[in-house]
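The values are calculated or read from the model by the stated rules, or taken from the named source; none is laboratory data. All of these numbers come straight from a predicted model, not from anything done at the bench. Note: ideal-geometry Cβ built from the backbone for every residue, glycine included; neighbour counts use all protein chains shown. Note: areas computed on protein heavy atoms with side chains; ligands, DNA, RNA excluded. Shrake-Rupley method; radii C 1.70, N 1.55, O 1.52, S 1.80 Å.
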Amino acid sequence: VIGQLPTWLQGTLLRNGPGMHTIGDSKYNHWFDGLALLHSFTFKNGEVYYRSKYLRSDTYNCNIEANRIMVSEFGTMAYPDPCKNIFAKAFSYLSHTIPEFTDNCLINIMKAGDDFYATGETNFIRKINPQTLETLEKVDYNKYVAVNLATSHPHYDSAGNVLNMGTSIVDKGKTKYLLFKIPSTVPEHEKKKSCFKHLEVVCSVPSRSLLHPSYYHSFGITENYIIFIEQPFRLDILKMATAYMRGVSWASCLAFNKDDKTWFHFIDRRTKKEVSTKFYTDAMVFFHHVNAYEEDGHIIFDVIAYTDNSLYDMFYLKNLTKDFEENVKLTSIPTCRRFVVPLQCDKDAVVDSNLVTLPSTATAVKEKDGSIYCQPEILCEGIELPRINYDYNGKKYKYVFATRVQWSPVPTKIAKFNTQTKEMLQWGQDDCWPSEPVFVPSPDAKEEDDGVVLTCVVKTDPKDPPFLLVLDAKTFTELGRAIVNVEMHMDLHGVFIPQQDMKTETE
């Protein structure tokens, strides 16, 4: 450790992301397909301990045993058994419109009850031991709720319950999006049962198109509402059902329609019903919600959005070569957009009038048919992987901690952005590639940015060791870094688990 880490920083930063892209002679096509690699930094009395381990998913075990890719991922279709009768195979695939998905949970870490799970975007999650990174049981959401896909960005309410969203494709053409809740505790007399047994569907939103559900990576939450954005970046179910036989990946069944609308759905958490007014904006592609809150009858929500879907294409491994920075340019830069939506609007408002009454350049214009067309205020450009002080989730807030990306999708700096003054503080060093910054509040925090920001930094030169960086969240100055002499991969998302939330081995 170089520098001085705060003595109160006790706990584990747990991260997840793709780690292995070649198995035997076979290679994945896309960076997001790689086998999940967990890694952690544990802070104990000013020292830092590092460990990493591949998630021992069924997918991992099957691939390693065969020494080639046997299980399809989103961007790579696998053909495990070429000698099987093609008709038998075709028949089995036609009878399962949605094939068995992978349990290679490589995107994030979720807490449910006292347990931690590695998550991807399929119906499978894997329980892990946050101390040893050992892989434990596999959970299939589908046993408890009819979803085929689920997000890797759940929300947690004040009681610690998990709220998440998934897409249900299975129900005889009734494609819908489901919001479900996993309770943080189970009744005393059912202590042996898992919290998933008590999972409940809060509400469902029918897909605007039965055969083309919207892709989404996250959703928003305020004190009283859930915000779900149905974007014109859609999965084609019929193409997906025949992808295997056509020899193409599921990713090729995703399409963005730039002439379509993006619809906003607001679900009242008290009544579990959707707000009936129709709100929409222009076509956009987005992955990450930043935060949302309510003010004077309006819902305000911030997202990182693009004008096209070029981001996903960047990460095909054929593009990730040594000349990556020169050759690969995003055709759309990420922008942090703030939408201000008047929920309590005057029913008799004049057509073409702007219904936003808060001071903002965002507008919400009433149309002839009663629907409301929203235009955002642009807060800033060039940030991704946004994180906030989660104590301010769903509340009015100031600060976003994020990676800084310009025309290339790989971050070179991290930033702290003030949504109110529009000021930005940055940390960056030559040849350094930081990951998603995670904010950890100090124990006696009085202000939103009292605490530290943690990020793993990989160096361009493999001979330079990577390190974990600890910044003072207020000033964005470096407090210290823990240098780890191992090969480390760029990762995606993760969590900080305070020492007291870690069950000890004996428990």
ask   = Do any of 422/474; 176/347; 396/446; 111/278 go past 24 Å between their Cα atoms, and which?
value = 176/347; 111/278
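Over region 2-501, with the other protein chains present, what is the accessible area per residue in square angstrom, probe 1.4 angstrom? Before the final figure, lay out each step's value.
Details: 21810 Å² over 500 residues.
Result: 44 Å² per residue.
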inquiry  = I want to make sure I understand the PRE zone here: with the label point 7 angstrom from the Cα of residue 308 toward its beta carbon, which residues in region 257-284 have backbone N atoms less than 20 Å away?
reply    = 257-262, 282-284
message = Which log10 I(q)/I(0) values does region 2-501 give at q = 0.06 Å⁻¹ under the Debye formula, counting every alpha carbon as one identical point scatterer?
response = -0.27
ask   = What are the aspartates and glutamates whose alpha-carbon lies under 15 Å from the alpha-carbon of residue 258, with same-chain residues fewer than 8 places away excluded?
value = 230, 282, 308
remark   = Links exceeding 26 Å between C-alpha atoms in this model, out of 53/192; 261/368; 368/395, come to 53/192; 368/395
request  = Along Cα→Cβ, 7 Å out, is where each label goes; now give me the distance between the ones at residue 137 and residue 461 in nm to one decimal.
outcome  = 5.0
key: Apportionment of accessible area to carbon and sulfur, region 2-501, percent (1.4 Å)   = 51
inquiry  = Under a crude label model (7 Å from the Cα following the beta-carbon direction), how far is residue 295 from residue 422 in nanometres?
reply    = 1.5
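Relative contact order, percent, of region 2-501 when contacts are C-alpha pairs under 8 Å separated by at least 6 residues? Don't jump to the answer; show the numbers that get you there.
Details: 1235 pairs, mean separation 59.5, N = 500.
It rounds to 12 percent for region 2-501.
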query = In straight Cα distance, which lysines are under 20 Å from residue 174, not counting same-chain residues fewer than 8 positions off?
reply = 143, 239, 272, 273
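Contour minus end-to-end for residue 368 and residue 246, with contour as 0.36 nm per residue of separation and end-to-end as the Cα-Cα distance? Mind dumping the intermediate values first?
Details: separation 122, 0.36 × 122 = 43.92 nm, distance 4.49 nm.
Length gained between residue 368 and residue 246: 39.4 nm.
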request  = For a label point 7 Å from the Cα of residue 478 along Cα→C-beta, name the residues of region 1-35 whose backbone N is under 18 Å from it.
outcome  = 1-6
remark   = Plugging the Cβ-Cβ distance of residue 319 and residue 190 into 1/(1 + (r/R0)^6) at R0 = 41 Å yields, to the nearest 0.05, a FRET efficiency of 0.25
